[in-house]
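Right, one structure below, let's go through it.
What follows draws every value from the coordinates through simple rules; no lab data is involved. Quick caveat, the model's predicted, so the values are computed rather than measured. Cβ atoms come from the backbone with ideal geometry, glycine included; neighbour counts cover every protein chain shown.
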Amino acid sequence: MQNKLSFHQSSVNLEIIGLPDYSNNENKDQISIISQWKLTIIDKPLIEGKIEHLGPIMNAFYIYSNLLIKNEIPIFESKLIDIKADNLHIHNIVLKSSKPNVKPLILKIGNSLLSDTINCFDQLNESPKVIIKKPDVPNNFPGKLRNGLNKKLKFSNFFIPPFIAICSLILLSSSFIYFYNPFESIEKKELINAD
Amino acid sequence: MRKSYVGNNIKLNEFDALIRVTVEMSKYLYPYIREILKSKEDLEENSIIWNDFNKRFIELIKERFNMDSMRVKKLLNKAENDEIIIKSLLTLSFCISNQGYQKLKNFLYEF
């Protein structure tokens, strides 16, 4: 008897069918040997495949969504799946079959369905009941970026006080010009010498 | 960008707290965010939702932001603000999972 787990978000449903790995002392309600998965998007053809297709498809969606948000050109192309933006609201997905003479499946989904799909994949990633080799969701950002905010603050704190100090010194010293005229003092000295 | 005469820099712990609040609000508001995004996909059918949202967004910007700033003016420009609003809503809709805090933080650092 196979286990079946469903992850649901608004108009998208992801179903995972498989068995636990009893040799690894897993619970009977867990899934670590996936035999089949199905991605159902309302009003669109059913997407299903083997375990080796799930990881690359999830990765493709994650990479594409990152590109979309980061103002980079949102195009993802691979042997299995292509995702391109038709415009700001519609995304064109081409799923290529590994079998010969099978036409690729073309889907057009909007931003709402894209976010539903990403959220279904997130639920699968976070589920303790499914043990799979999970795709690399960009959760760990490099140290340079992590410390960027701190460094920016420290940089400004470091340079602004001396800058203000130098400016105020220039302003203050320029005001002394009213009390002391260098040309007048030279003339006075000349007069004293002449005497 | 805000209407304020005090130019205080945000501290790292305050920044973190703001991200956590934003993620929790996004989880709660996801159905609404989704409907706004959907309304823009087919403007003829759902133009009321998008227009209402856009109108309220502009009202809030005018009320709370410094109108002399060029970046704020860009937010108010109808020709340019569509992309900014959609990308902001998309970012929020991608961050409603349990790891949403970390995801939103990454998006903001890489922005």
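Please report, largest first and rounded to whole Å, the three semi-axes of the ellipsoid equivalent to segment B:38-79, where each semi-axis is the square root of five times an eigenvalue of the C-alpha gyration tensor.
Working: eigenvalues 119, 22, 6 Å².
Value: 24, 11, 6 Å, ordered largest first.
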> In a shell of Cβ-Cβ distance under 13 Å around residue A:50, excluding residue A:50 itself, what net charge do Lys and Arg (+1) and Asp and Glu (-1) give?
Replying inline: 0
>> Would you calculate the convex hull of the Cα atoms in the protein assembly as shown and tell me its volume per residue in Å³?
In response: 225 Å³
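Sort A:53-60, A:73-80, A:162-169 by the packing proxy (mean of other Cβ within 10 Å over each peptide's residues), most packed first.
On the way: A:53-60: 19.2, A:73-80: 13.4, A:162-169: 9.8.
Highest to lowest by the protection proxy: A:53-60, A:73-80, A:162-169.
Going highest first, how would you order A:82-89, B:89-96 by mean Cβ packing within 10 Å? Please report the intermediate quantities before stating the final value.
On the way: A:82-89: 15.8, B:89-96: 22.9.
The densest-packed peptide leads the list: B:89-96, A:82-89.
Using the scaling law 2.2 N^0.38 Å as the reference, what is the normalised Cα Rg of segment A:3-145?
On the way: Rg = 15.9 Å, N = 143, 2.2 N^0.38 = 14.5 Å.
In units of the 2.2 N^0.38 Å rule of thumb, it is 1.10.
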>> Students often get this wrong, so check it: of B:27/B:62; B:78/B:105; A:50/A:99, which have C-alpha atoms separated by over 18 Å?
In response: B:27/B:62; B:78/B:105
> So for B:15, A:176, A:61, A:121, fewest C-beta neighbours within 10 Å to most, what's the order?
Replying inline: A:176, B:15, A:61, A:121
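Determine the percent antiparallel among the DSSP beta bridges restricted to the protein assembly as shown, to the nearest 5. Write out the running numbers ahead of the final one.
Values: 33 of 34 bridges.
Within the protein assembly as shown, antiparallel bridges account for around 95 percent of the total.
Tell me, in nm to one decimal, what length is gained between residue A:85 and residue A:187 on full extension, where the rule is 0.36 nm per residue of separation less the Cα-Cα distance? Walk me through the intermediate numbers first.
Details: separation 102, 0.36 × 102 = 36.72 nm, distance 8.01 nm.
Extra length from residue A:85 to residue A:187 when fully extended: 28.7 nm.
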> Under the Karplus relation 6.51 cos²θ - 1.76 cosθ + 1.60, θ = phi - 60°, what is the ordered set of whole-Hz ³J(HN,Hα) values for segment B:105-110, x standing for Gly and Pro?
Replying inline: 4, 4, 4, 5, 5, 8
>> Using only DSSP helix segments of four residues or longer, with each worth -39500 (n - 2.57), what per-residue ellipticity at 222 nm results for chain B after dividing by its residue count and rounding to 500?
In response: -25500 deg cm²/dmol
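Excluding residue B:107 itself, calculate the net charge of residues whose Cβ lies under 12 Å from the Cβ of residue B:107, where each Lys or Arg counts +1 and each Asp or Glu counts -1. Mind showing how you got there, number by number?
Working: positive: A:70, B:87, B:103, B:105; negative: B:110.
Charge balance near residue B:107 sits at +3.
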> To one decimal place, what Kirkwood hydrodynamic radius in Å is obtained for segment B:12-110 from all pairs of distinct Cα atoms?
Replying inline: 14.7 Å
> How well do other chains shield peptide A:109-118, expressed as the mean number of their Cβ atoms within 10 Å of each residue Cβ?
Replying inline: 6
> Roughly how crowded by other chains is peptide A:85-93, in terms of the mean Cβ count from those chains within 10 Å of each of its Cβ atoms?
Replying inline: 2
